[in-house]
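Q: Would you mind keeping the following structure in view while I ask a few things?
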Amino acid sequence: MQQHFSLADCDVVGFDLDHTLCRYHLPQSARLIYDSFAQYLVTEKGYDEDLLILAPDSLDFCCKGLVLDIEEGNFLKLAEDGTVLRSHFEGTAAMIAFLLCVSSLFYFGLGSSKYYLYDNYFDLPGALLCARVVDSLDQHDGQKKYDFWKDMVAAIQHNYKITAFKEDCGTYFPEVKNHPDKYLQKCPESVKKWLKQLKNAGKILLLITSSHSDYCRLLCEHVLGNDFEEYFDILITNALKPGFFSHTPNQRPFRTLENDEEQEALMSLDKPGWYSQGNAIQLFDLLKKMTGKLDPKVVYFGDSMHSDIFPARHYSNWETVFILEELLGDKVTVPAKAECEPLEKKGKYEGDQLRAPYFVSKQWGSFFMDRVPGLENAEETLVHTWACKCISTYSTIAIPSLEAIADLPLDYRFTRFSSNSSATAGYYPSPPRALLPNEESVTMK
């Protein structure tokens, strides 16, 4: 595989919507998501009302890459080899081998009976709620095994089900509808210009989101404008990722939409437009027709390793760009090499202040690295986290936001992640400080 990646070499550029094209005000949206689930547990399932009270620093518990052991009620932070680095109940699982192959975690979802992986901002506030539920059950019942997960699944489905937006069901959708500015960030003009530049360069632009069409429309109109459909050749909503990539046409056919209602299944995908559900196989057949190429090169931007990056790479062999907002909270340094580049070759890297409540968790430590205590008098060793390993394994490159690359020329050559390069090679505009050797981790002038 080539050492460098360039958008100029791609025929098709695809995007996830939530936390990719549409960025949220994370502190506000995190509280809303937490409240949405907690309200349901308290009012519909009879859980302790104390769950509705949230201390200001509580969201520090939230950290992407955590795995919940559902039966034990314990949260685990994993090293790249599956070793448990930290657990919610300190000492109970420290340094125990977590006997699962790396890729198997990506198959865990709401139906899993044993583990759940938290890897995106729509899920993450639920981790805090689960931890508080376990603490509450321990205080009142002293349970050894837990059965709260079925109620948590019910809370998620109640708030996020496909008809919830239309029915004003739950807490989440009604609140976002009534106060979009409170939760949604406007798309920067530089990104809008970049999308048009991609299209003018002959690229086919895709939007593939698991959000239903009505919520997608609200988001896109608010962040991109009423003309948002003009940015894309193909829009796919209710894509039900990761199944969009892993399922066959018979398992997951495309459907047309009429007033946001899904119509009959399509035997094939014959032309650009707006569709619901679907599968990557039939989409790729259409892309071959549209480009006139037997093997058009596709790149997909997304924020979820489970739903976007892993399945797009594993099943479809697409290039993948991981949107990793944690890079904004890691006091990213700028290597001297990047400083020497001419101005027109640099991307616009926004100097975001730490606006999110859980970019860097005090309880869980760095998203990228952690320390393993040495045996007896041995020194501590630094190890990559399981989440960090996944980034370099399944991502082509990782960036903090689309805005970070929007001002770059389309033929800019990014250094991609590869087994032959350093662990920091694929991060743009610069690697997280935690991954740099000590002598390099000082801010460079």
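The values are calculated or read from the model by the stated rules, or taken from the named source; none is laboratory data. This is a predicted model, so every value here is computed, not measured. Here the Cβ is made from the backbone with ideal geometry for all residues, glycine too, and neighbour counts use every protein chain on show. Side chains are part of the model used for accessible areas, which takes the heavy atoms of the whole protein and leaves out ligands, DNA and RNA. Shrake-Rupley method; radii C 1.70, N 1.55, O 1.52, S 1.80 Å.
Q: State the Cα centre-to-centre distance between the stretch 281-330 and the stretch 15-69 in whole Å.
A: After rounding, the separation between the Cα centres reads 27 Å.
Q: Using a 1.4 Å probe, what is the accessible area per residue for the stretch 125-222, in Å²?
A: 44
Q: Sticking with this structure for a sec: If you take every residue apart from Ser307 with its C-beta less than 15 Å away from the C-beta of Ser307, what net charge results, scoring Lys and Arg +1 and Asp and Glu -1?
A: Values: positive: Lys64, Lys241, Arg252, Arg313; negative: Asp16, Asp18, Asp119, Asp123, Asp303, Asp308.
Around Ser307, the charge tally is -2.
Q: List the aspartates and glutamates whose alpha-carbon lies under 14 Å from that of Lys114, not counting same-chain residues fewer than 8 positions away?
A: Output for Lys114: Asp69, Glu71, Glu72, Asp147.
Q: How are the Cα pair distances of the stretch 207-339 distributed, in percent, across 5 Å bins from 0?
A: 2, 10, 17, 21, 20, 14, 7, 5, 3, 2, 1, 0
Q: Using alpha-carbon positions, what is the distance between the centroids of the stretch 215-238 and the stretch 124-180, in Å?
A: If you average the Cα positions of each part, the centres end up 28 Å apart.
Q: Something else about it: So what's the net charge close to Lys289: Lys and Arg +1, Asp and Glu -1, counting the other residues with Cβ under 10 Å from its Cβ?
A: Combined, the nearby Lys, Arg, Asp and Glu give +1.
Q: Further, regarding this structure: Figure the gain on full extension for Asn259 and Asp57 (residue separation times 0.36 nm, minus the Cα-Cα span) and round it to one decimal in nm.
A: Gain in length upon complete extension: 68.5 nm.
Q: Okay, next question. Within 10 Å of each candidate Cβ there may be at most 15 other Cβ atoms; applying that plus a DSSP loop requirement, which GluC sites (Glu not before Pro) in the stretch 1-86 survive?
A: Here the GluC sites (Glu not before Pro) that fit, given the DSSP loop and packing criteria, are Glu71.
Q: Okay, moving on. What number does the stretch 136-234 give for Rg over Rh if you use C-alpha atoms and the Kirkwood radius? Each step should come with its number before you reach the end.
A: On the way: Rg = 19.4 Å, Rh = 16.5 Å.
Result: Rg/Rh = 1.17.
Q: Pulled fully out, how much extra length does the chain show between His25 and Lys150, if you take 0.36 nm times their separation in residues and subtract their Cα-Cα distance?
A: Contour length minus Cα-Cα distance gives 42.1 nm.
Q: What is the local net charge at His19, summed over the other residues whose Cβ is closer than 9 Å to its Cβ (Lys, Arg +1; Asp, Glu -1)?
A: It works out to a net charge of -3.
Q: Let me ask something else about it. Ignoring ligands, DNA and RNA, how do Arg252, Arg416 rank by accessible area with a 1.4 Å probe, largest first?
A: My answer, sorted largest first, is Arg252, Arg416.
Q: Filter Lys199/Lys293; Lys145/Lys166; Lys64/Lys161 down to the pairs with a C-alpha to C-alpha distance above 27 Å, please.
A: Table pairs above 27 Å Cα-Cα are Lys145/Lys166.
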